[in-house]
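Structure first, commentary second.
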Amino acid sequence: MKIASADVQMAASHASLQHHEVSESLRVWVGDRRPDFEGNGDLATASPTSPATSVSLSPEALAAQAQDGVEAAGAKAEETLDPKLALLKTLIEYFTGRKIELLSQTDLSAETGTLAAGQAAGGVPADAAPAKAGYGVEYDHHESYTEMEQTTFSAQGVVRTSDGKEISFDLNLAMSRLYHEESSVSLRAGDAVKKDPLVLNFAGTAAQLTDQRFAFDIDSDGKDDMINFTSGGSGFLVFDKDGNGSATDGGELFGTRSGDGFAELAAYDADRNGWIDENDPIFEQLRIWIKDGAGRDQLLSLADKGVGAIGLQHLATPFEVKTAQNRLQASVLASGVFLQQNGGVGSIQQLDLTV
């Protein structure tokens, strides 16, 4: 081939991005009520007799305290502590004035077995409300890294050869790559336990919550907590144990004690088919708890809402539910599905409510 003439146009573009984000928060309080760290309103403030303690220390001072705490402990199990865990241990002891004992996985397994034996013997009621520790610690660390690169190339033209041929061409080439990694660490101690009810969503969206908070004893300790309620076609899953037609306290929700609502619900899967359906005796006692337009409670049966079966399989789906003002209402922990009698499908999610 011999080129006589050519008219060629080329274009190229390139874009790249690297984004590294780290967020870390530590909240500590002394008292029997969690302060309103998120600023969700006056209804969720700390008890006047149990104010939260706030201390600001330099990074050097915090590191020194953490090191002193580790050295003072002197226990073999603590010699290999992660620095952040050592810092948390020191802070908890500083704010509460109590010595913290760290347990290994073996210790926890032994303690769980002892507790189970005690319950079986009738010594500890299975549904007894947990005692208040008098303090709380919440630590959250989230880190993400994203790397993206994209290059495009295009060429268009007309080439004429010496023998009179004309060749037209249009070439497009795209190259791209994307890398993303994410990690999260969450630690709760004292009274900062998870309040994780299950929510069914009927409107085709994820769980939605009201900006207004309502009084409800979600941890079954005899004292009302302030929680954001479901809205927009979502409702809490309730086991009406006493048959009184209302949600008595958090003991009738799934996950408010153990922090794992799906596991608590799975305990009632009588035929072990992975679904809560009409084969399971509990199915007729389950209710969907919603509020009407006037804020009045309604407990509807699964049949009333057209629910045919609730799946127990689920995956972790971390996501923060926030208000328009970026105030945290809850954290979505996991998601699954439920089937409707008409063949439709909806989502069931476990929420970690801000209390």
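Just so it is clear, none of the values below were taken in a lab; they were calculated from the coordinates. These numbers come from a predicted model, not from an experiment. A quick note on method: Cβ atoms are made from the backbone with ideal geometry, for glycine too, and the neighbour counts reach across all protein chains shown.
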Residue 313 versus residue 180: modelled label distance in nm, points set 7 Å from Cα along the beta carbon direction:
2.4
Could you run the Karplus curve 6.51 cos²θ - 1.76 cosθ + 1.60 with θ = phi - 60° over segment 297-302 and give me ³J(HN,Hα) per residue in whole Hz, x for Gly and Pro?
5, 9, 10, 10, 6, 4
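Test of understanding: what is the full-extension gain from residue 294 to residue 324, defined as 0.36 nm times their sequence separation minus their Cα-Cα distance? Walk me through the intermediate numbers first.
Values: separation 30, 0.36 × 30 = 10.80 nm, distance 2.27 nm.
This chain segment gains 8.5 nm when fully extended.
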Within-15-Å neighbourhood charge of residue 5 [Cβ basis; K, R +1; D, E -1]
0
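Where Lys and Arg each count +1 and Asp and Glu each count -1, what net charge lies around residue 341 among other residues with Cβ under 13 Å from its Cβ?
Details: positive: 305; negative: 277, 278, 304.
With Lys, Arg at +1 and Asp, Glu at -1, the neighbours total -2.
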Members of 195/291; 195/241; 99/223; 241/322 lying beyond 23 Å, as alpha-carbon distances in this model show
99/223; 241/322
What's the exposure ranking of 8, 238, 30, 199, going from fewest to most Cβ atoms within 10 Å?
8, 30, 238, 199
Can you pull the one-decimal nm distance between simple spin-label points at residue 167 and residue 152, each 7 Å off the Cα toward Cβ?
2.6
Exposure proxy order (Cβ contacts within 10 Å, fewest to most) of 135, 179:
179, 135
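When the chain is fully extended, how far beyond the present Cα-Cα distance does residue 273 get from residue 2, taking 0.36 nm per residue of separation?
Numbers: separation 271, 0.36 × 271 = 97.56 nm, distance 7.33 nm.
That pair, residue 273 and residue 2, stretches by 90.2 nm at full extension.
Extension gain residue 242-residue 144, at 0.36 nm per residue separation less the Cα-Cα distance, in nm? Please report the intermediate quantities before stating the final value.
On the way: separation 98, 0.36 × 98 = 35.28 nm, distance 4.58 nm.
Net length gain for the segment: 30.7 nm.
Find out how many positive minus negative residues lie around residue 235, taking Lys and Arg as positive, Asp and Glu as negative, among other residues whose Cβ is under 10 Å from that of residue 235.
On the way: positive: 287, 291, 305; negative: none.
Net charge in that neighbourhood comes out at +3.
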Can you put 348, 92, 3 in order of Cβ neighbours within 10 angstrom, beginning with the fewest?
3, 92, 348
